[in-house]
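The values are calculated or read from the model by the stated rules, or taken from the named source; none is laboratory data. In this text, all values refer to a predicted model and were calculated from it rather than measured experimentally. Backbone-built Cβ (ideal geometry, glycine too); neighbour counts: all protein chains shown. These accessible areas exclude ligands, DNA and RNA; they are computed on the full protein's heavy atoms, side chains included. Shrake-Rupley method; radii C 1.70, N 1.55, O 1.52, S 1.80 Å.
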Amino acid sequence: MKVFIWIGITLLLLVIAYFLVVFVFSSYVSSPGSYNAVAYNSKLSNQYYQQDGKVIYVLDGNFFQVGGKEVAAADPDSFTVINQHYAKDRHHVYYNGQPVAEASPADPAKVIDADYLVSNNKVFGYGKQIEGADADSFSYLYGAYSMDKDYLYHYIDTKIPRTAVPAAISGGHDRYIRHGEQVLYLGKVISDDADHFEIIDDEYAKDAAHVYANGELVAGMVPEGFTVLSPYYRKDKHQAYYFNTPISGSDPASFTVMNDAISKDKYHVYYNGNLVENRTPSEVTRSEADELKKLWKWRALHLNATTVILVPHDDVSDITNDYYVYNNEVYSRSEKLAGINPEGVIVLDENDKAFVRIGDQVFYYNTAIAGADAETFTVLTNRFSKDVSHVYWGEHRVTNARPSTFEYKNNLYAGENDAGEYVLKMAEY
């Protein structure tokens, strides 16, 4: 027993010694002194240095991983640091090593916050002028929000006429702000019901009528009974959700999350939000749920868009990455192909297995190529194909190519134009 204890202690000491060596080495190779560089004012910023008679900007002082970049045309003798991001010399004001247009080094800069300052009676945020901002009344709020007497700003490119004093939302973070009866998320108004607005977690919020995910209204989801059950599942008074997709027919009162993949209610079992047809709630215990989520043992085959069966992995064979065979029946990613046997799925390109013919239809991966003539269809490259009438790029018809004269050239592709049509284009490198 003592031998094992000493072996454990020795291994622990070796691990500690390894990390100490790594820490010391990293500190050494990242230190300015290792690069003959001296900080202009290390108390204000770790990003501006003098090195070999030049002004050097280094992101967060990380010489080893990032490296230094000369601040072009900066005067090392008159160079001074204003704060972490801003500095100046007799010629320019700089933000993260770049000259700030319209800022005056002769005018004493008024630091508003790490990323904001006033110079030459103008307001600058993140090194850019905030057009029209009032220098005398400008103040920083939090996150990327600021204001003056007339406007509420988000970064430098969004400004909203002020009708009230902006305020933080209780329990919130810096993406949200209250402006009178409005609530903004990253500078965009998302709700007009600030009195009832509540931030639930880092992703979700709600007001009296709606639920929001990352600032976007979730269609159909209601605030009554809304609960985040896990990183994958939520519910409201009507139903449960897999992420933000409704789980059709689910019962929120009895809905239970078993693990990341398996959930159930008193009526059904669900796999990644899809109803499992061949399992009942009573037979799926915690241990059985943990078994069913093992991808190397079980496959979920779609009967339709919302219903699956769970079958042994070894009993399924792949025709392509999009078509499978189980019990001599064919399944795609989204449905069971009624009346189709495995021999009816014809792979048209053996290398990529992207193009498939089933009956009189041709598919690019799992998407039908509308109007393609199966009898004359030919694969040209991993994306280009044609039939007697048209050239195709993936599942899209190319409108400015004729199949009789089309020839593939390197860097040729098809892209969408303003009319929504796919046309030939040449990639430029």
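Numbers below:
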quantity: Largest-first ellipsoid semi-axes for segment 381-429, taking √(5λ) over the Cα gyration tensor eigenvalues, angstrom; calculated: 16, 14, 9
quantity: Heavy-atom accessible surface of the chain: percent carbon and sulfur, 1.4 Å; calculated: 52 percent
quantity: With all protein chains modelled, accessible area of residue 426 [1.4 Å, Å²]; calculated: 100 Å²
quantity: Amide H contacts under 5 Å for residue 169, placed H, 5+ residues apart; calculated: 178
quantity: With DNA, RNA and ligands ignored, accessible area of residue 282 (1.4 Å probe; Å², nearest 10); calculated: 100 Å²
quantity: Net charge dipole size for the chain [Lys, Arg +1 and Asp, Glu -1 on Cβ; Debye, nearest 20]; calculated: 940 debye
quantity: Calculated from backbone phi, Karplus (6.51, -1.76, 1.60) coupling profile of segment 93-110 in Hz, x at Gly/Pro; calculated: 9, 10, 10, 6, x, 10, x, 9, 4, 6, 7, 10, x, 6, 8, x, 6, 9
quantity: Table column - 3J(HN,Hα) (Hz), segment 227-242, Karplus curve with 6.51, -1.76, 1.60, x for Gly and Pro; calculated: 9, 8, 8, 6, x, 10, 10, 9, 8, 10, 6, 9, 6, 9, 9, 9
quantity: Signed unit charges on C-beta, dipole axis of the chain, positive-most listed residue 167, 354, 413; calculated: 167
quantity: Dipole axis of the chain (+1 Lys, Arg; -1 Asp, Glu on Cβ), positive-most option in 368, 401, 35; calculated: 35
quantity: Size of segment 130-199 as Cα extents on the principal axes (Å, biggest first); calculated: 34, 20, 17
quantity: Helix axis angle, 2-30 relative to the chain longest principal axis, alpha carbon, degrees; calculated: 60 degrees
quantity: Nonlocal amide H pairs with residue 369, under 5 Å, H built at 1.01 Å; calculated: 362, 363, 364
quantity: Whole-Å semi-axes of segment 52-93's equivalent ellipsoid (Cα gyration tensor); calculated: 19, 12, 7
quantity: The chain - convex hull of alpha carbons, volume per residue in Å³; calculated: 281 Å³
quantity: Student exercise, segment 239-363 dipole from Lys, Arg, Asp, Glu Cβ charges, in Debye to nearest 20; calculated: 400 debye
quantity: Rg(Cα)/(2.2 N^0.38 Å) for segment 146-300, N = residue count; calculated: 1.33
quantity: In Hz, Karplus ³J(HN,Hα) per residue of segment 83-91 (6.51, -1.76, 1.60; θ = phi - 60°; x = Gly, Pro); calculated: 7, 4, 9, 9, 8, 7, 9, 6, 9
quantity: Gyration tensor verdict on segment 304-429 (Cα atoms; rounded if a/c is under 1.5, prolate if a/b is larger than b/c, oblate otherwise); calculated: prolate
quantity: The chain - accessible surface per residue (Å², probe 1.4 Å); calculated: 55 Å²
quantity: For segment 217-272, radius of gyration divided by Kirkwood radius, i.e. Rg to Rh on alpha-carbons; calculated: 0.91
quantity: For the chain, with +1 on Lys and Arg beta carbons and -1 on Asp and Glu, the positive-most of 282, 184, 119 along the dipole; calculated: 119
quantity: Size-normalised alpha-carbon gyration radius of segment 306-375, reference 2.2 N^0.38 Å; calculated: 1.10
quantity: Descending Cα extents along the principal axes, segment 246-389, whole Å; calculated: 57, 29, 26
quantity: Pairwise centroid distance, computed over Cα atoms, of segment 41-117 with segment 323-390, Å; calculated: 60 Å
quantity: Separation in nanometres of the label points that stand 7 Å from Cα toward Cβ, at residue 227 and residue 418; calculated: 5.3 nm
quantity: Between segment 206-260 and segment 152-188, the alpha-carbon center distance in angstrom; calculated: 26 Å
quantity: Interchain or long-range residues, amide H under 5 Å from residue 425's placed H; calculated: 413, 414, 415
